[in-house]
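Input: a single structure, listed below in structure tokens.
No value in this document is a laboratory result; all are computed from the given coordinates. The shown structure was predicted, so the numbers you read here are calculated from the model rather than taken from an experiment. Quick reminder, even Gly has a Cβ in these numbers, built from the backbone with ideal geometry, and neighbours come from all protein chains shown.
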Amino acid sequence: MTGEARVTTDRRLNRRTLIALAVGGALFADRAAAKVVLGDDGNYAQDWYLDSFLDLTEDAEAAKAKGKRFAVQWGMRGCPACKRLHTTYFADPKIESFVREKFEIVHLDTFGSREVKDIDGAALGEKALAAKRAVRTTPTIQFFASEGGLTTEVARMPGLLGQEDFLAMFRFVDEGAYARSSFEQWLKAREAGCPLAPSEPYLFTGDCGSNR
């Protein structure tokens, strides 16, 4: 390689390196900008949570249009587990990046008074909605799917799971595995390294070959 060719190649490499660093820096800055928000109501949330008009069907359909899943996270003032969810769980880049990329989440307060339009079209306050949907612990995360104009709850996380299982629950919903398996069955199969059929009901019996 001549000296002139080497200089040209070095310039190209340096340019590519600078571009890569610029893109990587922008992505890092975007992630670094995410932070825990403590609202005036005493509830913790993430600043990337959905800024919603509180029409749950509309939010679920909008999430689907963006290729994401939709979830509602219930919290309350003074809830230690809620604080841990936001200051510890979502501080884990592996959890935060997956959930943020794959889900749109709305935060509701089990004792709140904001009016919410439920998936059945009824409009009621947060506290009344929590009672109606039997939300008895915080944090509770409800997962919804919108199909054929109908929005339904497809899975629920009542309380705070361990961090690995917490992330696994989001993967379970993202994969649509709720349509053919319970979370517990799916988790056992996953831990055993057994693949799930894409569309058949699934029951894990401890032997990959005998599952149906």
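Please order 52, 97, 113 by the number of other Cβ within 10 Å, starting at the fewest.
113, 97, 52
Calculate, in nm to one decimal, what residue 41 and residue 101 gain on full extension: separation in residues at 0.36 nm each, minus their alpha carbon distance. Mind showing how you got there, number by number?
Numbers: separation 60, 0.36 × 60 = 21.60 nm, distance 2.68 nm.
Going from the current span to full extension adds 18.9 nm.
Rounded, prolate or oblate: which fits segment 146-195 when a ≥ b ≥ c are the square roots of the eigenvalues of the alpha-carbon gyration tensor, with rounded for a/c under 1.5 and prolate only if a/b beats b/c?
The shape class here is oblate.
Where a Cα-Cα gap under 29 Å defines reach, which lysines qualify for residue 35, not counting those fewer than 8 residues away within the same chain?
The qualifying lysines are 64, 66, 68, 83, 94, 102, 117, 127.
Using the count of nearby Cβ atoms within 10 Å as a rough guide to exposure, how do 194, 208 rank from fewest to most?
On the way: 194 18, 208 12.
Taking fewest neighbouring Cβ atoms as first place, the list is 208, 194.
Calculate the FRET efficiency for residue 87 and residue 171 from the Cβ-Cβ distance with a Förster distance of 22 Å, rounded to the nearest 0.05.
Rounded to the nearest 0.05, the efficiency is 0.50.
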